1. Within 10 Å, count the other beta carbons around each residue, average over each peptide in 197-209, 11-23, and list them highest first.
2. Within 10 Å of each residue's Cβ, count the other Cβ atoms and sort 219, 312, 155, 341 from fewest upward.
3. Out of 95, 62, 172, whose Cα points farthest toward the positive end of the dipole of the chain (charges: +1 Lys, Arg; -1 Asp, Glu; placed on Cβ)?
4. Expected output is a single nm value to one decimal: the length gained when fully extending between residue 73 and residue 253, i.e. 0.36 nm times separation in residues minus the C-alpha distance. What is it?
5. Give me D for region 192-289 in µm² s⁻¹, whole number, from Stokes-Einstein with Rh from the Kirkwood sum over alpha-carbon pairs, 10 °C and 1.306 mPa s.
6. How large is Rg/Rh for the chain, to two decimals, with Cα atoms and a Kirkwood Rh?
7. If you take the charge dipole of region 80-231 about its Cα centre, with +1 on Lys and Arg Cβ and -1 on Asp and Glu Cβ, which of 203, 118, 157 is farthest toward its positive end?
8. Does region 91-228 classify as rounded, prolate or oblate by the C-alpha gyration tensor (a ≥ b ≥ c root eigenvalues; a/c under 1.5 gives rounded; else a/b over b/c gives prolate, otherwise oblate)?
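We did not get these values from a lab; they are worked out from the coordinates using the rules stated. Quick caveat, the model's predicted, so the values are computed rather than measured. We place every Cβ from the backbone using ideal geometry, glycine too, and count neighbours over all the protein chains shown.
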Amino acid sequence: MVESKESVGVIGAGLVGALVALGLAKQGYKVTLYDLRSDPRTAKETSLRSINLAVSERGIRALRYVDEEMAERVLDGIIPMHGRMIHDLDGNQESQLYGLFGEAINSIDRKKLNQSLIEEIELFNSTAKSKIELIFEAKVTSVQVNGGVTIDYVHAGEPQRDHKDFVVGADGTYSVVRQSLQKLIRMNYSQEYIDMCYLEMYIPPGPNGSFRIDPNRLHIWPRKTFMLIALANQDGSFTSTFFGPWELVESLQSPKTIEFFFKKNFKDAIPLIGLDKIIECFTTYPRGALMQVNCSKYNFEDKCIIIGDAAHSMVPFYGQGMNCGFEDVRILLELLEKNRHDRRTAFDTYTESRAEDLKAILKLALRNYHEMSSDVTSSIYLFRKKLDGVLGRLMPQHWIPLYTMVSFRSDISYSDAVKFSQKQQRILKWAEWGAVGSILAGSALYLARRSK
Ligand SMILES: Cc1cc2nc3c(=O)[nH]c(=O)nc-3n(C[C@H](O)[C@H](O)[C@H](O)COP(=O)(O)OP(=O)(O)OC[C@H]3O[C@@H](n4cnc5c(N)ncnc54)[C@H](O)[C@@H]3O)c2cc1C
C-alpha cells in the first residue's frame, strides 16, 4: 500500500483504464477516472469496435492479480474456444485445436466486460474509505506537467481543470495523453494503417437460444486476402466479422455483387447470417479501419505513463490487444509494489522492460493475419503444426508452440516467445531437410541397387 494519499488521474475508462483504476485504488492511491463517453452501464450507443473479444491467459492473470474474486465475477459466462473451425468453400468444417492439453481462449462480450469493471469500481467504492471518482462525458484535452500534473478537460460543455500527482493515460489508439507526452520526451512513434477494413455481422441464435454452429470454436472462413470469422455470444448468437482490403469492400456495392461474392466464397454462412442482412451490412453498416501504433518510451519521470492501446494499438489477429493491455496493468502494479511506490523507478523500469515485448506482439499480430486467412489451409503449415504439436506433447518442458506461449503462458514474455519459437523453427527446418535428405539418399541407394 502507498503510504501518502497520492492522487492519480486515469484518462480513459475503457477496459484497460477501468482495470488500472481499480488496481491503483487497491494499492491506496486516490484515483479519479475520466472518460469522454457516457457511463457504459447506461449508455445507449454501441461502438463500432468488436462486440465480443477473446480473453486469454495474460488478461485473466491480470484480472486475478487485481482481485481474484473480481476476476471470477467479471469472467462469469465466458465461452471457451478450444480451437479454430475452418470452413472451406464447400461448407465442410475442420477443427484445429489451439492448445496441446485442452487449453482455450474465451469469447467475452466487450460491453458487458466494460460494464462489469465499472460495477466493480462501484462495489469497491461501497466499502473503501478513499473512493474512485468517476467522471464520464469528460473529454480530456491536454495534460501538462508542472510540480504535479494539470489535466484540462471539457465536462458538460464547460472547460475544467484538475491537478493530480500523476497521470495514467489509457485513452486508446488516438490518445491525447500520448500526444502531450510526445512534447515532453524523445518518444519514438509510428502509426500505420493496414489496408484492411472490417465489418461486423450477426448470426442469430437457433431455437430456444441454441447455437447453430459449435460455440467452442473460433470459426474462420479463410480466403487468403480476405476472411470471415465468428465468435459465440452467451445468448446463442455469434458475432461475425468480415476482414478484407478496402478496395474489395468498396467494390461490393450492389446487392447482386454482394450476393455473388458470398455465394462464391461463404456459401454456408449465408443461411446463418441471412442474405438480406449481409447486403444491409455491406451497404449501410460502418466500416472499421485497422492500424498499428507503436511507440517508446511510455513515461515522463514519475508524472505520466501510457498503457493499453494508447501505447500499442495492434491489429486484432492474435486476439491480444486487450490481453496485452491488461498485462500492462499487472506489470505496472507489480513494479509499483516491488519498488515500494517509488514511481520514478517503477515507471522507468516499466519502459525499459516492456518495449521489446510490445514490439514483438505488434509484429506477431500482423503476421497472424496470414496464418488465419491463408496458412490454415496449407498442407505444409498443417504438417509443421502437427510436428510442433507432437514435439510439444513429447517434451512439454523443452518444446512449446508459439501460439501456446503467446496465448496460454503469461510466464513467458512476448519477446522471449518469439526468440524461443525462432529457435524451434530452425530445428524444425533442419529436421525437414534431414527427412528430405534421407528420402533422397534412400531413393538413390535403391535405384543404384536396382540398376546393378
Ligand atoms: C475488431 C477488433 C477485434 C478485437 N478483438 C480482440 C480480441 O479478441 N482480444 C483482445 O485482447 N483484443 C482485441 N481487440 C483489441 C482491443 O479491443 C483493444 O486492445 C482494447 O479495447 C484496448 O483497450 P484500452 O482500454 O486500451 O482502449 P479503448 O478500449 O480504446 O478505451 C479507451 C477509452 O478512453 C476514452 N477516451 C479516449 N480519448 C479520451 C479523451 N480525450 N478524454 C477522455 N477519455 C478518452 C474512450 O472513450 C475509451 O473509453 C480487438 C480490436 C478490434 C478493433
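1. Per-residue mean Cβ counts within 10 Å order the peptides as 11-23, 197-209.
2. Neighbour counts put them in this order, fewest first: 155, 341, 219, 312.
3. 95
4. 60.4 nm
5. 115 µm²/s
6. 1.02
7. It is 157.
8. Verdict is prolate for region 91-228.
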